[in-house]
Each structure stands twice: as C-alpha cells, then as structure tokens.
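Everything below concerns the one structure shown next.
What follows draws every value from the coordinates through simple rules; no lab data is involved. Values in this document were obtained by computation on a predicted structure and should not be read as measured data. No Cβ is skipped: glycine too gets one built from the backbone with ideal geometry, and neighbour counts run over all protein chains shown.
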Amino acid sequence: MTQEACVHVPRIRDVSRPRQGRLWRADASASVDLHAEVAMKARETERFRRILAAQLDTLVGQGERAVHEMADSEGGGEIAIPDPNDRATAEERRNWALRLRDRDRRLLGKVQAALARLDAGTFGTCTSCGAPISAARLRARPVTDLCIACKTEAERVERPR
C-alpha cells in the first residue's frame, strides 16, 4: 500500500462559514474537485440568472398591468367625486400605487444591473471593496452589489444623526 502525499488546495472562502482548510490527495481527485467547483459555479450562476430573469418578468408584467389599471380608472379625464373624503381616499390610493410603481421601477434597474454583472462575470463581487459577497446574502437578495460590511458602513453613513 502506497501512501500518497497530501497537499493543501486553496479554496474560495465563503464568509458565511468558519474558515476550514481541506486536504486533498495529490492525484486525480484534486483536479476532479476543481472541475466540480467550476461546474458548481456555473450551476449557481445559471440559478441566479433564472431567479433574476423571473423577477424581471414579474416586474415588467406588474408595471404594464398598473399602467392599464391607471388608464382605465381615469377614463380619459378627471373623475368627479363629490364627497371630499372619497376624493381624498381615491387620491391616497393613486399616490400609493404611484409610490409602489416607482419602487418597482428602481428594483427593475437593480435587476437589470445584476444581470449585466452576471454577463460581465463580476456578479457576487462587492463593487466597493472587491471582496466576494456571501452566498447567503446573494440568496436573500440577488440584486445586491455590496458585501455586508460595505452595506453596513453605507447605511451607517446615510443614517441621519
């Protein structure tokens, strides 16, 4: 029985898990493991692409539906509602719908930017510091472009004193 030499193969560190080194045998299993890691990265990339594309389709569909609903409700002009309370309620609903559409519009831009980062190969990398974004953070919010440390710092800076 021959004893094979063990070497340490550096792995991309996932910051959501504690650091652990792994030993791999210096034979074909090391190259198989690296090939599996590349395949996993490709599967994860496609998974995020499908999630983002579905989110994009949903947002576009909601936007089109909202435009049609607002056009139908206005009916080509100002609707005369005699009661001031009813007018206020209708206006508040309209303002709420506009605010939601604006939020969806901003999210749409973020989804498109995330898809562009996927195409460019920079998805999962913090745009501020260049560190990898944890897989857990990407699963929770695929459109993110900042690691948790940079996002925490950005929120601290923008928070009013």
Subject >> 3J(HN,Hα) from dihedral phi, the range 100-115, Karplus parametrisation 6.51/-1.76/1.60, rounded to Hz, x for glycine, proline >> reply: 5, 5, 5, 4, 5, 5, 5, 5, 4, x, 5, 5, 5, 5, 5, 5
**OP:** Using only Cα atoms, figure out Rg for the range 45-146 and give it as a multiple of 2.2 N^0.38 Å.
**Re:** 1.49
**OP:** Figure the gain on full extension for Arg159 and Arg103 (residue separation times 0.36 nm, minus the Cα-Cα span) and round it to one decimal in nm.
**Re:** 18.2 nm
Original post:
Calculated FRET efficiency, Asp86 and Gln62, Cβ-Cβ r, R0 30 Å, to nearest 0.05?
Top reply: 0.70
Original post:
Efficiency by 1/(1 + (r/R0)^6): what FRET value for Arg139 and Ala71, r their Cβ-Cβ distance, R0 = 41 Å, to the nearest 0.05?
Top reply: 0.65
